[in-house]
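What follows is a single structure, written as structure tokens, with notes after it.
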Amino acid sequence: QNNLLLLSTSQKGLISINTINRTHKILLEKDSYGEPIFVRTIEKIDPNTLWIGSETGIYIYNRETGDVRNIRHNPNIPTSLSDNAIYSIFKDKDGGIWVGTYFGGVDYYSDLNNKFELFFPIINKPGLSGKRVREICRAQDGNIWIGTEDGGLNLFDPKEKVFLPLPIPLKTLYTNIHALLQDGDNFWISTYSKGLNRYNFKTGELVTYTHNDHQNSI
């Protein structure tokens with residue numbers, strides 16, 4: 001928007017780059033303790049509001065006024081953010097906001113209840129398979145794919161608020177997932193060190209691409 005490129009960094013926070021005149025502006029650099037903000041993800045909630053995921057919680061930034069609000073985990077509040085290391089943020093079609101954390105599972109925020117609803121693994125009970133949530137992606141039917149680094153792939157039904165069983169081929173995936181992309185009938189799943197997977201919903205075929213000696217391999 002307005003020829004601006006937003007860049008997340010590990011030492012300089014959030015930077016706005018004007019791609020026309022090639023100037024830049026640091027929008028968010030240090031936290032309230034004067035420490036550099038390690039920004040990992042950015043989600044545009046509305047034309048003036050950005051949710052910025054970092055290693056020190058969520059920063060809600062108003063682009064019009066420059067006001068910033070920091071949301072962090074509070075052990076005294078059960079419905080607060082479950083963890084401060086934020087790796088992914090996703091706004092769904094109903095306006096709900098999903099937050100993937102490194103140690104605290106998935107948090108869901110809605111203006112209807114004005115608090116976070118937490119999803120995390122519980123031993124011997126159906127639910128989220130891992131705590132280290134890396135990727136969140138919308139499925140074709142309105143459900144939500146959630147990729148974790150320590151528990152593999154999950155499929156969540158936001159209407160019923162239940163985790164759904166995976167198609168049989170997807171149950172065999174490597175558990176450390178780093179990226180997800182829904183592309184028509186194809187669902188792409190990239191893993192850490194174990195290649196790239198392509199699952200076709202019509203045929204049920206799962207193809208894994210790994211590096212080999214062929215010149216056209218990944």
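Remarks
- For the set LYS91/LYS131; LYS44/LYS194; LYS93/LYS194; LYS44/LYS202; LYS12/LYS161, the pairs lying more than 30 angstrom apart at their alpha carbons are LYS44/LYS194; LYS93/LYS194; LYS44/LYS202; LYS12/LYS161.
- For the stretch 133-150, Karplus couplings with θ = phi - 60° (6.51, -1.76, 1.60), whole Hz, Gly/Pro x: 7, 9, 9, 10, 8, 6, 8, 4, 8, x, 6, 10, 7, 10, x, 10, 8, 10
- Surface exposure of the chain, expressed per residue as accessible area with a 1.4 Å probe, stands at 57 Å².
- The trypsin sites (Lys or Arg not before Pro) of the stretch 127-218 meeting both criteria, a DSSP state outside H, G, I, E and B (loop) and at most 12 other C-beta atoms within 10 angstrom of the site's C-beta, are LYS159, LYS161, LYS202.
- For the stretch 38-44, Karplus couplings with θ = phi - 60° (6.51, -1.76, 1.60), whole Hz, Gly/Pro x: 8, 8, 10, 7, 9, 10, 7
- Most fluctuating residue given options ILE26, ILE37, ILE177, as computed from a GNM of the chain linking Cα atoms under 10 Å: ILE26
- Given 11 as the ceiling on other Cβ atoms within 10 Å, longest exposed-site-free region of the chain for GluC sites (Glu not before Pro) in DSSP loops: 65-159
- Values of log10 I(q)/I(0), in the order q = 0.31 Å⁻¹, for the stretch 99-153 under a Debye, Cα-only, solvent-free model: -1.19
- Per-residue 3J(HN,Hα) values for the stretch 189-198, derived from phi via the Karplus relation 6.51 cos²θ - 1.76 cosθ + 1.60 with θ = phi - 60°, read 10, 9, 10, 8, 6, 10, x, 10, 10, 10 Hz in sequence order (x marks Gly and Pro).
- Accessible area of the stretch 75-218 belonging to carbon and sulfur atoms, whole % at 1.4 Å probe: 51 percent
- The smallest convex shape that holds all Cα atoms of the stretch 1-99, its convex hull, gives 107 Å³ per residue.
- Low-density loop positions, chymotrypsin sites (Phe, Trp or Tyr not before Pro), the stretch 1-110 - DSSP coil, at most 14 other Cβ in 10 Å: TYR33, PHE103
The values are calculated or read from the model by the stated rules, or taken from the named source; none is laboratory data. The shown structure was predicted, so the numbers you read here are calculated from the model rather than taken from an experiment. Cβ atoms come from the backbone with ideal geometry, glycine included; neighbour counts cover every protein chain shown. Surface areas here come from the heavy atoms of the whole protein model, side chains and all, with no ligands, DNA or RNA. Shrake-Rupley method; radii C 1.70, N 1.55, O 1.52, S 1.80 Å.
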